[in-house]
Every structure is written in C-alpha cells, then in structure tokens.
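Written out below as structure tokens is the structure these notes cover.
The values are calculated or read from the model by the stated rules, or taken from the named source; none is laboratory data. These figures come from a predicted structure and were not determined experimentally. Glycine also receives a Cβ, built like all others from the backbone with ideal geometry; neighbour counts cover every protein chain displayed.
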Amino acid sequence: MYVKFYSTKTGVFKQDLQFEIVGSYRPFTLTANAICDFPSINQNPRNLFLQQKKTRPTTEPDSYLSKVYVNSEGIFDFGPLLIGKNAETRHEEKVKAVNGTFFQITNNGKYDVSLNFTLRSSLPPEEGGPNEKSPFIIEPAEATLKIDETLNLQVFAFPDEAKVYKDEVIVLIKDNPNPAILQVQCTGAKPIVNVDFETVKFERALIGKNPQKDLRLKNDC
C-alpha cells in the first residue's frame, strides 16, 4: 500500500486511515502525520540586527541614529555618513567600522536553504528599481545554509550627496515564493562650519597693543 501526501498550503496535517483484514471484523486505524512548509530564514529584528529602538528620538542630535533598526519605521538606519568616501576601501577596518555593518541571516526552517541577495536598486526601472545610483553594497551575493546555521551578510553605505538614501535588501529563498525584504537608509553628510562674522574688522589700534576679536564657530552638519 502506498500513501502519498500533497498539499497546496503550509501547515501540520493529520489524517486517520482505516482498513480491514479479510476474515477479521475488527477495523484497523493508522494515523498519518505530515508537515508542509517553505524553506525560511529568521526575520525577527532581534535576530537580524545588532541594535534596535522602538521609536526614533524626536529631537536633534539624538534623532541621528547610527546603525540602528527602528521598529516603528521598519527600517535599518546607518545614520549620517560623510560623503565622498571611496567604496573600494570598504574592507579596511577603520572604514568598515563607520560605513559597514552586518545582518545575521539564520536558517530557522526545517530544510537547508539556498539564498540570493540583491538590492532593489539593482533592478531595472521596469521591475521596480530606481533611476539613481544606490550607495549600498552587500556581500556575498549568494549562500547556502544548513538548519540553524547563521551567515553574517555584510552591508555597506557610501553616499555621494548630502541627502537621505533608501533601499531594500531582498533575500530570495529558493523554493519559497515570499522573499525577505529588509529596508535600509543612510544620510549623506557634508562638513559645514558657520562663523558668526563674515568679516573680521579691527579699528585703529595703538602700536604695541594686541587687539583681539572673538569668533564663534558652529558645526552645522
């Protein structure tokens, strides 16, 4: 006797199979159990990201977060980053400490998983990609994870302009039609210092005296 299982839905299934033996009036029951599920990864922010906040502070400079996942916004924020850095230096430790982080990708499913990582910005416009260059870089592009195995997905941000950039890290899971989508953003920052006087003007002064003017410099970036 062959028993086959097929399902169009995920879940746990149980079915009692009854049969009789010729010459016996007693029915026999066989319980069949089956589980149908997709390969998956852990999408809990506590597992994915090293730092989280429930909400973003409303006042500056506390509102400028650094490498924090904001639960209320559903986004990972690199915070302000100086513009003009060379992305080719991303593997240098001092650059990685500022412009890089990693997301913990854990296989918490019931099967081994094959994963592909891409940015939405890498898609052509007709498939939902933007028309501008993204400052984000992810490495590696693909991976295979055993059950309960974890990969540190490297994520970098190198903004070119003083503005807010947003993108999405898309995790494609083989044999699972539902990709995991991780939203990311960073803010390009340009160093700006303002002085309270445009011109420093000294009046007539006696010889041997040391006239002095005070200037106030303010970091407005």
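Which one of 201, 218, 166, 209 is over 22 Å from the mean Cα position of the chain (by Cα) and either outside any loop (DSSP other than H, G, I, E, B) or touching a residue at least 40 places away in the same chain (Cβ under 8 Å) (or both)? The match here is 218. Pairs meeting the criteria (first residue in region 37-51 and under 27 Å from residue 6 (Cα atoms), second residue surrounded by fewer than 13 Cβ atoms within 10 Å (Cβ to Cβ) and small (Gly, Ala, Ser), beta carbons under 9 Å, at least 6 apart or on different chains) are 37/11. Sub-7 Å Cβ pairs linking a first residue in region 8-31 that is touching a residue at least 12 places away in the same chain (Cβ under 8 Å) to a second residue that is among the acidic types (Asp, Glu) and assigned to a loop (DSSP other than H, G, I, E, B), at least 6 apart or interchain, are 10/37, ordered by first then second residue. Taken residue by residue, region 40-54 has no member that is of a type outside the set (Gly, Ala, Ser), more than 34 Å from the chain's Cα centre (by Cα) and within 30 Å of residue 114 (Cα to Cα). All conditions in (1) among the charged types (D, E, K, R); (2) surrounded by 10 or more Cβ atoms within 10 Å (Cβ to Cβ); (3) over 15 Å from the mean Cα position of the chain (by Cα); (4) closer than 29 Å to residue 104 by Cβ hold for residue 127, with the sole exception of (2).
Take region 169-198 and flag every residue that is of a type outside the set (Asp, Glu) and part of a loop (DSSP other than H, G, I, E, B).
Within region 169-198, 174, 176, 177, 178, 179, 190, 191, 192, 197 meet the criteria.
Look through 157, 162 and report the one residue that is modelled with pLDDT of 95 or more, surrounded by 13 or more Cβ atoms within 10 Å (Cβ to Cβ) and touching a Cys at 6+ places or on another chain (Cβ under 9 Å). Steps first, please.
Numbers: 162 fails: modelled with pLDDT of 95 or more.
Just a single option satisfies the conditions, and that option is 157.
Restricting the search to strands (runs of 3 or more DSSP E) fully inside region 12-111 and requiring at least 2 residues that are surrounded by 12 or more Cβ atoms within 10 Å (Cβ to Cβ) and polar (S, T, N, Q) gives 100-106.
Of all the residues in region 1-35, those that are within 37 Å of the chain's Cα centre (by Cα), modelled with pLDDT under 80 and not basic (Lys, Arg) number 5.
The conditions of being at positive phi and not polar (S, T, N, Q) are met by residue 148.
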